[in-house]
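S.K.: Right, I'll just put the structure down here and ask away after.
The values are calculated or read from the model by the stated rules, or taken from the named source; none is laboratory data. None of the values given here were measured: they were computed from a predicted structure. Here the Cβ is made from the backbone with ideal geometry for all residues, glycine too, and neighbour counts use every protein chain on show. Accessible surface areas use protein heavy atoms only, side chains included; no ligands, DNA or RNA. Shrake-Rupley method; radii C 1.70, N 1.55, O 1.52, S 1.80 Å.
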Amino acid sequence: MTESTRGVRIGVDVGQVRVGVSRSDPDGILATPLVTLARDLTAAPDAVPSDIAQLAALVAEHEAVQVVVGLPVNLAGKHGPAAVHVKAYADRLVDVIAPVPVTLTDERMSTVVASRRLAERGVRGKRQRAVVDQAAAVEILQSWLDAQRRRT
């Protein structure tokens, strides 16, 4: 399945505590917020964490053709501990949602940009923390969609 396939894409911002999820329209033009999932850090090593199970259910519900996961690359372009953590998460997700492909994309600054945009709209404090993960997932997916369009 290629990036040019028509269909919904799911964007994912993996955090230590929460997972922000966004989705695109079937034409891959606009990313919109979907949900914030609580990370399940208590699952046994051989069990599927509940957040990954919920993500798999969203992929099925929206008939997603691809999942785009933000990879936190540092400003120098290096992969630190957070990137290793996200890659491990993406690997678990691949096992659960196959054959739907999972793509990692550079998400440098997505949470910073999302926080700034929310603050500009007057969303601050607890309200911002509640939606910043979804907003970051939107930033991740939207920049990936824009990059795909620039390639064609």
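S.K.: Which one is nearest to Val8 (Cα to Cα), of the residues in region 31-47 that are of a type in the set (Gly, Ala, Ser) and open to solvent by 40 Å² or more (accessible area, probe 1.4 Å)?
M.R.: Ala38
S.K.: Continuing with this model, one more query. Check off (1) open to solvent by 40 Å² or more (accessible area, probe 1.4 Å); (2) touching a Gly at 6+ places or on another chain (Cβ under 9 Å) for Gly28 and give me the number that stays unchecked.
M.R.: Condition not satisfied by Gly28: (1).
S.K.: Kindly check whether there is at least one residue in region 70-79 that is in a helix (DSSP H, G or I) and at positive phi.
M.R.: no
S.K.: Cβ-Cβ below 9 Å, separation at least six or inter-chain, first residue in region 101-121 and modelled with pLDDT of 75 or more and surrounded by fewer than 17 Cβ atoms within 10 Å (Cβ to Cβ), second in a loop (DSSP other than H, G, I, E, B) and of a type outside the set (A, V, I, L, M): which pairs?
M.R.: Final answer for the pair search is Thr103/Glu3; Asp106/Pro72; Asp106/Gly77.
Yes/no matrix, rows are residues, columns are (1) open to solvent by less than 60 Å² (accessible area, probe 1.4 Å); (2) among the aliphatic types (A, V, I, L, M); (3) under 22 Å from Arg151 (Cα atoms):
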position: Ser24; (1), (2), (3): yes, no, yes
position: Pro49; (1), (2), (3): yes, no, no
position: His62; (1), (2), (3): yes, no, no
position: Val67; (1), (2), (3): yes, yes, yes
position: Ile97; (1), (2), (3): yes, yes, no
